[in-house]
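Take a look at the structure below.
The values are calculated or read from the model by the stated rules, or taken from the named source; none is laboratory data. Small disclaimer: the values here were computed from a predicted structure and weren't measured. Reconstructed Cβ throughout: ideal geometry from the backbone, glycine too, with neighbour counts over all protein chains shown.
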Amino acid sequence: TGMGRVNPGSSPKVPIPLVHTAPLELEGWASVLRSEACTLEALELVFQFDKGADCEGLLDAFFAALSANDSVRVVRISSLLGHEFTAAEVERLAVYVKTTLPKPRLHTFELVITCLEDGTQERFQTLVDALAESVEHAASPCLNKLVLDLNLGTAQVAQLCGALEKAPQITVLHLPHLGCGRDGLKA
């Protein structure tokens, strides 16, 4: 499954901490990430918004702490099965991707968005734009593995491949559950 639940560079299997988008977890993990003593190498953030909770400011603080943290080299952002992102949530996620990919020591970035609905490609175009722009212009020079488990369309795959051509440091691309057409595979 994705990162295999192992910290990079360590021999024994160490579980990767899961952070959920609950207010207390976001606040606590932002504090951990800001700490000089933090030696965490990998982290997974699971998006699951409570419709009544306002986590925007806490998410901003969490991603600011994550982007400033030097120890975290593997970042996985995922969603729970059945969580359908609103347009506003997709836009926020795009901003967070743009702040995460330039992390100086980032080695692996995974984005796993599970969609149950068909035809979600257009809804995620803002996110694909952010990924392509960041990969092409701002990705960490250490970033060599990119895992994108999204419901990508043919044009989106071609767009990302065009950006990847300008990011030679990325040597591993994994696109599970790819459902694009022939032109996407050609790209």
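The listed residues are L106, L93, and the only one of them that is surrounded by 15 or more Cβ atoms within 10 Å (Cβ to Cβ), in a loop (DSSP other than H, G, I, E, B) and in contact with a helix residue (DSSP H, G or I) (Cβ under 8 Å, 6 or more places away or on another chain) turns out to be L106. Within the range 129-167, the set of residues being assigned to a loop (DSSP other than H, G, I, E, B) and in contact (Cβ under 8 Å) with a residue 60 or more places away in the chain comprises C142 only. Taken over the range 64-88, the criterion of being within 15 Å of V128 (Cβ to Cβ) and not small (G, A, S) is satisfied by I77, F85. Looking at R76, R5, just one residue is surrounded by fewer than 19 Cβ atoms within 10 Å (Cβ to Cβ) and either modelled with pLDDT of 90 or more or of a type in the set (K, R) (or both), and that residue is R5. State whether the residues of the range 48-63 include one that is outside any loop (DSSP other than H, G, I, E, B), surrounded by 18 or more Cβ atoms within 10 Å (Cβ to Cβ) and either among the hydroxyl-bearing types (S, T, Y) or in contact with a His (Cβ under 9 Å, 6 or more places away or on another chain) (or both). No, every residue in the range 48-63 fails to be outside any loop (DSSP other than H, G, I, E, B), surrounded by 18 or more Cβ atoms within 10 Å (Cβ to Cβ) and either among the hydroxyl-bearing types (S, T, Y) or in contact with a His (Cβ under 9 Å, 6 or more places away or on another chain) (or both). Each residue in the range 20-37 was checked for being aromatic (F, W, Y) and assigned to a loop (DSSP other than H, G, I, E, B), and 0 pass.
In summary, F109 fulfils each of the numbered conditions (1) under 18 Å from L40 (Cα atoms); (2) more than 13 Å from the chain's Cα centre (by Cα); (3) among the aromatic types (F, W, Y) with the single exception of condition (2).
Taken over the range 91-124, the criterion of being modelled with pLDDT of 95 or more, out of contact with any strand residue (DSSP E or B) (no Cβ under 6 Å at 6 or more places or on another chain) and polar (S, T, N, Q) is satisfied by T99 alone.
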